[in-house]
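Worksheet: one structure, shown below.
Coordinate-derived values only; no laboratory data. Just so we're clear, the structure is a prediction, and the values are computed from it rather than from any experiment. Note that each Cβ is placed from the backbone with ideal geometry, even for glycine, and that neighbours are counted across all protein chains shown.
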Amino acid sequence: MDAKEIEICETEYINHAKVESVRKQMPLGKHLDELSEMFKALASPVRVRILFALSTEELCVCDLANLLGLTVSAVSHHLRLLRMLKLVKFRKKGLMVYYSLDDEHIEHLLSDALEHMRH
């Protein structure tokens, strides 16, 4: 089989009981839309690198820019999007602004995805 091909049934039969059971368990469309937006954000290697960096330690924008070899402006742009999606949060301390992952779910998402890629 060619890698571009996908296996499909040789006949069309719909198991209505299974379809209805799955339909009842599906998240609301709004939640699926939000999940899709989150995965779109994770499609950027830069944003994934930012999240992995922040999973290790909270960092300021300057630290992230230095670590990633990007401008402060570029990192700020990515952080703004990640913050809008509730993937990162920030805290101010004097003149400094430190970013970290929003909660432990984000860290689990990253580690589970990485583990999946390695298996």
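To the nearest 10 degrees, how steep is helix 29-41 against the longest Cα principal axis of the chain, on a 0 to 90 scale? On a 0 to 90 degree scale, this one is about 50. Partners of Lys18 within straight-line reach, counting lysines whose Cα lies under 29 Å from its Cα and excluding those fewer than 8 residues away in the same chain: Lys4, Lys30.
Residues Val46, Val19, ranked from the fewest to the most other C-beta atoms within 10 Å, line up as Val19, Val46. Please give me the summed charge of the neighbours of Leu110: other residues whose Cβ is under 13 Å from its Cβ, Lys and Arg +1, Asp and Glu -1. Around Leu110, the surrounding residues sum to -3.
Partner aspartates and glutamates whose Cα lies under 18 Å from the Cα of Lys24, excluding those fewer than 8 positions away in the same chain, are identified as Asp33. Counting only Cβ charges, +1 for Lys and Arg and -1 for Asp and Glu, the dipole size of the chain around its Cα centre is about 760 debye. The fewest-to-most ranking of Ile106, Ile14 by surrounding Cβ atoms within 10 Å reads Ile14, Ile106.
Ranked for footprinting exposure by Cβ neighbours inside 10 Å, fewest first, Met96, Met117 give Met117, Met96. From the coordinates of this entry, P(r) over Cα pairs in 10 Å bins from 0, in percent is computed, and it appears in (i) 11, 32, 25, 16, 10, 4, 0; (ii) 15, 55, 29, 1; (iii) 14, 48, 29, 9, 1 under the label (i).
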